[in-house]
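These notes concern the structure reproduced below.
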Amino acid sequence: MAFTIRAASPTDLPSIATLDIAAHKPTSALLNINLLPPDDIHALYLSRYAHFLSQPDHYRFLVAITSKNETTHGGDIAGFLVGVRPKLESSEEDEWNPVFPEDAPAEKLAWFSGLMKSMKEDKMKYFKNDMWELEALATSPSYQRRGVGSLLLTHWLQEVDIARGTLYVRASRSGRGLYEKLGCVNKGEHSVDVSDHGWTQPIVNTNMIRAAKGT
């Protein structure tokens, strides 16, 4: 099956949020500890991706679309990628601040906020402001193992390489192999025990760097 890469649009966002949740549900502790009801989780994801789309100078938001045919008509979203350009001293970037429902469990939200802070502190041991960053990459469960993630990454890395950029990736266990094939190197791992929240496996992320081409 052939796929086409294009820029994401506002009408894509609900499908992208649904795709992301479906793609990561089987292995994501955060999606399985009942932090929020499903509708609120979807709204949270939708808010995040609307934020990225609203700042095209900072974020490169791409989708992979299936070929149009009698079954898919306009083409399905098979996967998506969000890349972040290096921060410039003269640029202003609004950070995404998640808004939770008023009746959300305060204890779980406090734990989640602490987890996000811990992950960010670990990231900053390796990440520099002049680096490009892979913010998000996901493939629909219906199109996994068909090269969609590799296609999206390869397409975006052309832009990174033209700029001779260094790339930072925070990789999950499942994604690490793909990034290694494209030249990313493991620089350190970060593990969080979430057994108190009903998930036996720790959350493990690998900090990876892909050196700038020509260096």
For the peptides 192-198, 155-161, what is the packing order when you average, over each peptide's residues, the other Cβ atoms within 10 Å and list the highest mean first? 155-161, 192-198
Leu178 versus Met116, label points 7 Å from Cα toward the beta carbon: distance in nm? 2.4 nm
Extended-chain gain in nm, criterion 0.36 nm per residue less alpha-carbon gap, Ser15 and Asn186: 58.4 nm
Using a 1.4 Å probe on the protein chains only, how many percent of the accessible area of the chain belongs to carbon and sulfur? 50 percent
Show me the ranking of peptides 111-118, 97-104 by mean Cβ neighbours inside 10 Å, starting with the highest. 111-118, 97-104
Å² per residue, accessible surface of region 33-182 at 1.4 Å: 58 Å²
Assign unit charges at the C-beta atoms only (+1 for Lys and Arg, -1 for Asp and Glu), then state the dipole size of region 1-61 relative to its Cα centre in Debye, rounded to the nearest 20. 160 debye
Mean residue ellipticity at 222 nm from the helices of the chain, using -39,500 (n - 2.57) per DSSP H segment of n ≥ 4 over the full residue count, to the nearest 500 deg cm²/dmol? -10000 deg cm²/dmol
Just to compare against my own numbers: the Cα pair-distance distribution for the chain, 5 Å bins, whole % per bin, please. 1, 6, 13, 17, 20, 19, 13, 6, 3, 1, 0
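The values are calculated or read from the model by the stated rules, or taken from the named source; none is laboratory data. As the structure is a prediction and not an experimental result, all values here were calculated from the model. FYI the Cβ positions are ideal-geometry reconstructions off the backbone, even for glycines, and counts take in every protein chain you see. Side chains included, ligands, DNA and RNA excluded: accessible areas come from the protein's heavy atoms. Shrake-Rupley method; radii C 1.70, N 1.55, O 1.52, S 1.80 Å.
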